[in-house]
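Below: one structure, written as structure tokens.
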């Protein structure tokens, strides 16, 4: 899905914990999420810490959208 | 390590005044068994049924299937840690009631449908449709935590299994089977040393196995003796059922049995590593390297067979372990179920080193169950996306027939290049 969206001209970040699967599929922008059951969170943290983590992960993903294809 | 299974074949199963085993006939006192199972505080009531091959009966929402086992209580419980006191597994003699199943059923959070049909095409696809079964359907005490009730349901299956097999105490078995395996180097043979790497489902309550009662979530890849798995060290606590192994499968572990059978014939069964399916990629990668090191340097294997317990994320473990083992110089064979919807890939992950794989079947392959049932046990509708007549004709993915696809090799399905 990430590949097709990207092909259609929509920059797409695939957030996943299973990075190798995404790489094999050929996704362009891959971000490693926290764990396979909760890519955007961590239930072992307290609520405030988890909120900060979530925000940081979302911002990181948004930053990746700005990257040009093929750029490091 | 010498382990002996004393086999007591069951030809018929029925209710009666006294619970006893006599020459292949297993009689169960329903009230006594009920009282035994109500010892679980979170179980308010329990419905018990007997099913037989050929019955027009369908069992829904299957949670686990257990083979009845008994051993001298001085040597712990047949399922140590998971039910009753701890003792080392895989030593001495354990009694087994052959050809009979204790089936637990229940609807728990995020359960997936698992069906046993006692007649028709569904029964032909699974050994559990071809043996008499005692179905345990507990009702949760109001207000109980679903996870805690799930554990009580799991223990109820084990309790019923011990209750049935206790009938063989003091009796002479029909036959005994010895599993003798001394691990370690034997200089007198040139046969190839084959190790086994067994991944185990391990994502928390209801999505895990228990190893001596401890969640597989909390273990690291470890060298264990194969006899331990044949003797109740590992039990299932999972209600996301299809394509994960039931306790009955592990107790009769087809892969371990086959490696035992061929030991000192055309290979040396060098030993095994029990590993878990970690929840993060980093842990998966570290676990794969760790397992490969144990197989290479502790088990001293030259070749490895790897099986998994689940799908999707489990493919990543399989491939990481394949790569780690091959890079450690071990020839590696993978055993895997497939998830091919048609023209798509059948695994979510593939490593370049994966050049020897055995398929145990394609999960989404549709089968049509067209037998009309007189009795449906466990629920009045299918779980998940399955649409159809609960007591009549329905088309379902073959994976939802429990036992049709056995990740450790006990099923008869496979897939070949077309």
Only one of (1) buried (at least 19 other Cβ atoms within 10 Å of the Cβ); (2) touching a residue at least 60 places away in the same chain (Cβ under 8 Å); (3) within 14 Å of chain A (Cβ to nearest Cβ) is not met by residue B:400, so which one is it? (3)
Assess whether residue B:309 counts as being modelled with pLDDT under 95, surrounded by 20 or more Cβ atoms within 10 Å (Cβ to Cβ) and part of a helix (DSSP H, G or I). no
Any residue at all in the stretch B:272-285 that is away from chain A (no Cβ under 14 Å) and closer than 18 Å to residue B:71 by Cβ? no
Residue A:66: passes all of (1) away from every other protein chain (no Cβ under 14 Å); (2) surrounded by 17 or more Cβ atoms within 10 Å (Cβ to Cβ) but (2)
Looking at the stretch A:7-51, which of its residues are surrounded by 15 or more Cβ atoms within 10 Å (Cβ to Cβ), more than 10 Å from chain B (Cβ to nearest Cβ), within 19 Å of residue A:65 (Cβ to Cβ) and over 14 Å from the mean Cα position of the chain (by Cα)? none
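Looking only at the stretch A:14-36, decide whether some residue is at positive phi and modelled with pLDDT under 90.
yes
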Enumeration of residues in the stretch B:285-306 that are closer than 18 Å to residue B:193 by Cβ, free of Cβ contacts under 8 Å to residues at least 40 places away in the same chain and crowded, with 21+ Cβ neighbours inside 10 Å: B:292
Of the candidates B:336, B:314, the one satisfying the condition of being within 11 Å of chain A (Cβ to nearest Cβ) and more than 25 Å from residue B:185 (Cβ to Cβ) is B:314
Counting only residues that are under 15 Å from the mean Cα position of the chain (by Cα) and assigned to a loop (DSSP other than H, G, I, E, B), how many does the stretch B:100-113 have? 1
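Identify the residue in the stretch B:317-328 that is surrounded by fewer than 21 Cβ atoms within 10 Å (Cβ to Cβ) and more than 14 Å from every other protein chain (Cβ to nearest Cβ) and, among all such residues, is farthest from residue B:341 (Cα to Cα). Let's see the steps before the verdict.
Quick first cut of the stretch B:317-328, residues surrounded by fewer than 21 Cβ atoms within 10 Å (Cβ to Cβ) only: B:323, B:326-328.
This time we only want the ones that are more than 14 Å from every other protein chain (Cβ to nearest Cβ), so: B:326-328.
Values: B:326: 29, B:327: 32, B:328: 34 Å.
Looking at the filtered set, the residue picked out is B:328.
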Complete set of residues in the stretch B:340-383 that are closer than 16 Å to residue B:317 by Cα and within 14 Å of chain A (Cβ to nearest Cβ): B:346, B:347, B:348, B:349, B:350, B:351, B:352, B:353, B:354
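Can you go through B:61, B:7 and tell me which one is surrounded by 14 or more Cβ atoms within 10 Å (Cβ to Cβ) and on the phi > 0 side of the Ramachandran plot? Can you show your working first?
On the way: B:7 fails: on the phi > 0 side of the Ramachandran plot.
Just a single option satisfies the conditions, and that option is B:61.
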Number of positions in the stretch B:114-140 that are assigned to a strand (DSSP E or B) and under 21 Å from residue B:381 (Cβ atoms): 9
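Of B:36, B:31, which residue is at pLDDT 95 or above, in contact with a helix residue (DSSP H, G or I) (Cβ under 8 Å, 6 or more places away or on another chain) and not in a strand (DSSP E or B)? It would help to see each step written out before you state the result.
Working: B:31 fails: in contact with a helix residue (DSSP H, G or I) (Cβ under 8 Å, 6 or more places away or on another chain).
Result: B:36 is the single residue among B:36, B:31 that is at pLDDT 95 or above, in contact with a helix residue (DSSP H, G or I) (Cβ under 8 Å, 6 or more places away or on another chain) and not in a strand (DSSP E or B).
The values are calculated or read from the model by the stated rules, or taken from the named source; none is laboratory data. Please read all numbers here as calculations on a predicted model, not as lab measurements. Heads up, the Cβs are rebuilt from the backbone with ideal geometry, glycines too, and the neighbour counts pull from every protein chain shown.
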